[in-house]
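The values are calculated or read from the model by the stated rules, or taken from the named source; none is laboratory data. This structure is a prediction, so every number in the text was calculated from the model and none was measured. Cβ placement follows ideal geometry from the backbone for every residue including glycine, while neighbour counts extend to all protein chains displayed. Keep in mind that these areas ignore ligands, DNA and RNA; they rest on the heavy atoms of the full protein, side chains included. Shrake-Rupley method; radii C 1.70, N 1.55, O 1.52, S 1.80 Å.
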Amino acid sequence: MTTPAGEAFALFTELTSTEPTGLWSAPGRVNLIGEHTDYNDGFVLPFAIEHRTHVALGRRDDARIRVVSTFDPVPVEVEIADLAAIFPDDREAVPEWARYPLGVAWALLNATGATPPVGVDLAFASDVPVGAGLSSSAAIEGATATALNETWGLGLDRTALARIGRTAENLAVGAPTGIMDQMASMLGRADAATFLDCRSLETRSVDLGFAKAGLELLVIDTGVKHSHATGGYGERRASCELGAGIMGVTALRDLSVADLDRARELMDDVTFRRVRHVVTENQRVLDTIDVLAAEGPLAIGDLLVASHASMRDDFEISVPELDTAVEASLAAGAIGARMTGGGFGGAAIAVVRRTSKKTVTDAVTAAFDDAGFAAPHIFTVTPSEGARRDG
Ligand code: GLA
């Protein structure tokens, strides 16, 4: 069977007729709860998944960087010194997918002021579904950042590499995202979720206890593609900043549920509902952690369902396919379900008893068929290790 690591290796040897000097990989992520809270300095509870982006890297004897991937077999090659002219303003000069790895190279050199000693070839392959809300972009950023950090001897730690990934995403790709995905991909641990305070960037491993409770986490990829470089994501972010400004706080993280009555008086209805989502979602993340510790994962369902309702009604980032996935899962006995990631498409998650996995899968598939939607792609994920060197 061809693995993505094997594909990256094969692509590299095809490109260069040599073997790579190393193989690295970084995972995608699922967010259990805490959506659109990261860029509001708030709380999130994601975990890295077993789907990963792999990169095979080899040194060159010039000062060029060349990237190739199974998404687009045409290699993209630039002088490393020219990256500063491409990003951020002339990013259209390189194909969209190549902005991720080249953007990471640019952000690394910018942040460290390092002169790279060596040019590199990088070949990528991935089994993280693209456009599914599972952070295929953070996976490619994390794999690139980890490989280049080591090859160029930059000595950055995992949190610094996550920041590099976000810089690439924001400035080289042009998507105004927060730092959750990159932190989850860099810091993921097998068997645990990562509680992240997006203001301090402090993290704590949180034992989900799913296996012991006989639970599994289903991903329901609706197949509805989204992009955060355009449209709704940036608008939501702007509304949050407006709301924080009206309330006179640095970020919505600084508000609590008790401040919402005052917020309602001070702002228009749409801005208020955006603010209410973020403020209540931050509280739901904290409540989820408390409930996990006190009662275990069987008791978190209501919080997941409330999170989905808030995204659907207040933040308005769900789509009919995501609502159908959530409703059909719950009706078929899921403990809890919600859309995950940035929204406007992508995937929902459902926490299900192992014994009802098939019932839920069949019910969601039937509900999509009844609604005239294309069949969803449904699979389980488990918390997995973050970025690493594989060979
Ligand atoms: C996307 C972004 C993250 C985060 C989520 C929503 O995945 O990349 O930074 O804002 O959306 O929680």
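Restricting the calculation to alpha carbons of the stretch 208-381 gives Rg and Dmax of 17.1, 50 angstrom. Of the two radii for the stretch 303-391, the radius of gyration is 1.02 times the Kirkwood radius, both from the alpha carbons; that is the Rg over Rh value.
Would you work out if the stretch 97-141 is rounded, prolate or oblate? Take a ≥ b ≥ c from the square roots of the eigenvalues of the alpha-carbon gyration tensor; rounded if a/c is under 1.5, else prolate when a/b is larger than b/c, oblate otherwise.
On the way: a/c = 3.62, a/b = 1.98, b/c = 1.82.
Since a/c reaches 1.5 and a/b is larger than b/c, the shape of the stretch 97-141 is classed as prolate.
By DSSP, what percent of the beta bridges with both residues in the chain are antiparallel, rounded to the nearest 5? Roughly 90 percent of the beta bridges in the chain run antiparallel, per DSSP. Among complete DSSP H helices in the chain, those whose alpha-carbon atoms stretch at least 15 Å along the helix's long axis and whose mean Kyte-Doolittle hydropathy reaches -1.0 are 4-16, 99-112, 136-151, 232-247, 269-294, 301-313, 320-331, 357-371.
Here the chain is treated with +1 on each Lys and Arg Cβ and -1 on each Asp and Glu Cβ, and its dipole about the Cα centre works out to around 620 debye.
Just the accessible area per residue of the chain, please: how many Å² with a 1.4 Å probe? Spell out each step's value before the answer.
On the way: 15040 Å² over 391 residues.
Counting only protein heavy atoms, the per-residue value for the chain is 38 Å².
If N is the number of residues in the stretch 1-147, what value comes out of its Cα radius of gyration divided by 2.2 N^0.38 Å? Show your work: numbers first, answer last.
Working: Rg = 15.7 Å, N = 147, 2.2 N^0.38 = 14.7 Å.
Rounded to two decimals, the normalised Rg is 1.07.
Since only V275, N110, T361 are under comparison, the one whose Cα sits farthest along the positive direction of the charge dipole of the chain, derived from C-beta charges on Lys, Arg, Asp and Glu, is T361. Here the accessible area is traced with a 1.4 Å probe on the protein chains. For the chain, carbon and sulfur cover 50 percent of it. For G22, the residues whose modelled amide H falls within less than 5 Å of its own, excluding neighbours fewer than 5 places apart on the same chain, are L57.
Rounded to whole Å and ordered largest first, report the semi-axes of the equivalent ellipsoid of the chain derived from its Cα gyration tensor (root of 5λ). Numbers along the way, then the final one.
Values: eigenvalues 243, 123, 69 Å².
Working through the eigenvalues yields semi-axes of 35, 25, 19 Å.
Take every Cα pair under 8 Å in the chain that's 6+ residues apart, average their separations, divide by the length, and report that relative contact order as a whole percent.
Details: 871 pairs, mean separation 90.9, N = 391.
Relative contact order of the chain: 23 percent.
Listed peptides 146-155, 358-367, 327-336, 42-51 appear in the order 42-51, 327-336, 146-155, 358-367 once ranked by packing, highest mean of other Cβ atoms within 10 Å at the front.
Taking every C-alpha pair closer than 8 Å and separated by at least 6 residues, the mean separation divided by the residue count of the stretch 168-326 gives a relative contact order of 19 percent.
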